[in-house]
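For reference, the structure discussed in these notes is given below.
Only the coordinates and a few stated rules stand behind these numbers; no lab work does. Since the structure is predicted, the reported quantities are computational estimates derived from the model, not experimental observations. Here the Cβ positions follow ideal geometry from the backbone for every residue, glycine too, while neighbour counts run over all protein chains shown.
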Amino acid sequence: MAERHGVYVTEVPASILTPVSPLATIPVVFGTAPIHMSKLASPPVNVPFLAESWEQYKDALGYSEDWENYTLCEFAFSHFQLYKQSPAVFINVLDPEMHKESVNPSPVTLTSGTGTINVQGILINTVKVSSTGQTPTDYVRDTDYTLSFNSAGHLILTAKPGGAMIAESSVNVGYDKLKPEDVDSGVIVGGTDGVTGAVTGLEVLKQVFPRLRVVPGLILAPGFSHDPVVGAVMVAKSRKINGNFNAQAITDIPGNQTAAQVDKWKEDNLYTDKAQFNTWPRVTKSGRTYRLSTHLAGVICQTDAENDGVPYRSPSNKALHIDGIVLDDGKVVALGPDEAELINAEGIVTALNFIGGFRSWGNRTGAFPDAIDPQSSFIPVRRMFDWWNNTIILTQWMYVDDPANKRLVEAVVDSLNIRLNGLQSSGFILGGRIEFNKQDNPKESTMNGKLKFRNYFTPPSPGQELEFMVEYDAEYLSAI
């Protein structure tokens with residue numbers, strides 16, 4: 001190589017933003033990844049992986065443009081490349097030991113010692129290369145040939161100089177390849193093995209905090225969350241994670257439903273929980289099609305990061321990095337505010353191309369309109385309650401098992417009231433306080449080490465309706 005002598009600078013595209021507050025906004029995403037392209041010796045399967053950058057994601061889980069088969073790639077591209085957010089937890093359920101098929105050896109033509117196998121999902125460690133003669137010779141990887149993947153995820157076979165394969169113009173290649181189409185709702189839901197105790201699918205959510213020390217904030221499964229079974233389990237698993245933490249599930253309503261059908265589909269399939277944020281339909285950007293849940297997560301993380309990690313602002317009426325709104329079949333959806341309002345009224349978040357370009361549109365959780373109280377029906381209020389509840393657990397855990405005396409009570413009350421006063425002065429809440437009341441703590445409870453604190457907490461609701469009363473005032477005629 002040429003000798004270098006001097007000062008050199010290499011500019012790297014921005015892909016990492018340091019998270020301001022991981023407590024409310026870390027997405028945990030379930031799906032399938034092209035792990036045949038992973039650079040790790042043991043790619044993560046049914047194990048939570050924390051990625052803090054685009055490159056880290058690609059190195060660990062691989063990347064493919066085939067988003068229908070490799071659903072985690074859609075989210076990773078949107079999260080790191082479009083919305084410039086970090087980090088996110090990815091749980092790949094595509095298991096190369098289970099979801100694979102064998103392909104018999106077939107000829108591959110070599111041009112100047114190189115051949116390409118235009119197949120997705122080839123497991124590189126299963127590749128076998130042999131000569132095409134009547135008495136085949138098995139070639140040895142890294143001695144006679146090397147293997148690599150191109151940007152499309154196709155395998156490149158290259159004869160090594162000095163190896164036994166260097167003079168061949170054609171060789172036979174056999175291999176195993178991934179079958180992502182075998183991953184269905186049952187695989188995403190997963191469970192716990194009664195014999196080994198191994199957990200799979202959505203059950204892995206309970207391992208996120210013990211393994212990574214981060215609290216799940218948003219639960220997603222793009223490409224699968226429109227399945228009612230998956231949607232129901234996502235919501236169930238988002239509550240009392242590890243017996244303590246609460247998150248929210250962002251689910252998709254199928255893009256084969258029209259605007260006139262989404263309300264009935266939502267009710268029929270019980271997408272009606274306060275911890276569920278429903279999205280419809282799909283969206284596009286630069287020729288790629290995304291689930292709206294993917295983009296809503298990006299908007300939520302971006303909005304929280306702009307507000308010190310406190311989720312008090314609604315993700316509604318925030319810019320989406322998209323250039324179109326479509327159904328599954330590619331038909332363009334062009335909603336006006338009046339039509340989008342009807343969809344919002346059913347507890348569904350949609351996208352709107354109106355004033356300010358493409359925007360997310362909708363403040364309501366899946367519980368609306370059956371539930372109308374703010375902490376059940378408004379997305380930012382629901383998120384603030386979950387965020388504050390998780391904050392209490394994380395900050396007050398240090399006092400567990402300390403002597404149950406006046407000093408402990410004062411420490412808890414003072415620390416939380418100081419935090420609440422700070423939130424109020426910053427405009428994140430309208431007000432809040434912690435009390436330790438005698439009536440809540442009878443002697444039978446305190447003597448058994450049980451202390452109960454009462455918390456009053458009021459986040460602001462989103463100002464989703466601004467009404468102006470315009471009147472003709474004849475008094476101004478005096479100016480004539």
Mean Cβ count within 10 Å, highest first, over the residues of peptides 434-440, 61-67: 61-67, 434-440
Percent of beta bridges antiparallel (DSSP, the chain, rounded to nearest 5): 75
Cα gyration tensor shape for region 358-400, rounded if a/c is under 1.5, else prolate or oblate: oblate
Neighbour-count order for THR391, THR258, fewest beta carbons within 10 angstrom listed first: THR258, THR391
Qualifying aspartates and glutamates (Cα of each under 12 Å from Cα of LYS285; at least 8 residues distant if same chain): GLU74, ASP323
Hits among aspartates and glutamates - C-alpha to C-alpha of LYS177 under 12 Å, sequence gap 8 or more where chains match: ASP95, GLU97, GLU101
Residue-count net charge about ASP138 - beta-carbon cut-off 12 Å; Lys, Arg +1, Asp, Glu -1: +1
Debye, to nearest 20: dipole size of region 408-480, +1 on Lys, Arg Cβ, -1 on Asp, Glu Cβ: 880
For CYS301, CYS73, order by how many other beta-carbon atoms lie within 10 Å, fewest first: CYS73, CYS301
Cβ-placed point charges (K, R +1; D, E -1), dipole of region 189-316 about Cα centre in debye, nearest 20: 200
Extended-chain gain in nm, criterion 0.36 nm per residue less alpha-carbon gap, MET398 and TYR472: 20.3 nm
Listed residue (GLY336, LEU220, GLY357) projecting farthest to the positive dipole end of the chain, Cβ model: LEU220
Amide hydrogen neighbours beyond the local backbone of ILE325, cut-off 5 Å, H modeled: THR284, VAL333
Helix-derived mean residue ellipticity, 222 nm - over the chain, DSSP H n ≥ 4, -39500 (n - 2.57), to 500: -6500 deg cm²/dmol
Stretchable slack from SER425 to TYR456, in nm (0.36 nm times residue separation minus alpha-carbon distance): 9.6 nm
Charge dipole magnitude, Cβ of K and R +1, D and E -1 - the chain, Cα centre, debye nearest 20: 1340
29 Å Cα-Cα threshold exceeded, pairs from LYS39/LYS160; LYS206/LYS318; LYS39/LYS84; LYS318/LYS452; LYS58/LYS331: LYS206/LYS318; LYS318/LYS452; LYS58/LYS331
Alpha-carbon spread of region 349-467, three principal axes, descending order, Å: 60, 31, 25
Separation of the ASN437 and ASP370 label points, Cα + 7 Å toward Cβ, nm: 3.0
Tail fraction, Cα-Cα pairs, region 408-480, threshold 16 Å, whole percent: 67
Whole-number D in µm²/s for the chain (Stokes-Einstein; Kirkwood sum over Cα pairs; 10 °C, 1.306 mPa s): 63
Neighbour-count order for ASP328, ASP386, fewest beta carbons within 10 angstrom listed first: ASP328, ASP386
Amide hydrogen neighbours beyond the local backbone of LYS318, cut-off 5 Å, H modeled: SER360
Lys/Arg +1, Asp/Glu -1 at C-beta; region 100-178 dipole; positive extreme among THR146, SER106, VAL119: VAL119
Cα gyration tensor shape of region 282-368, rounded if a/c is under 1.5, else prolate or oblate by comparing a/b with b/c: oblate
Inter-centroid distance (Cα atoms) of region 163-226 relative to region 401-447, Å: 44
Neighbourhood net charge (14 Å Cβ-Cβ; Lys/Arg +1, Asp/Glu -1) for THR350: 0
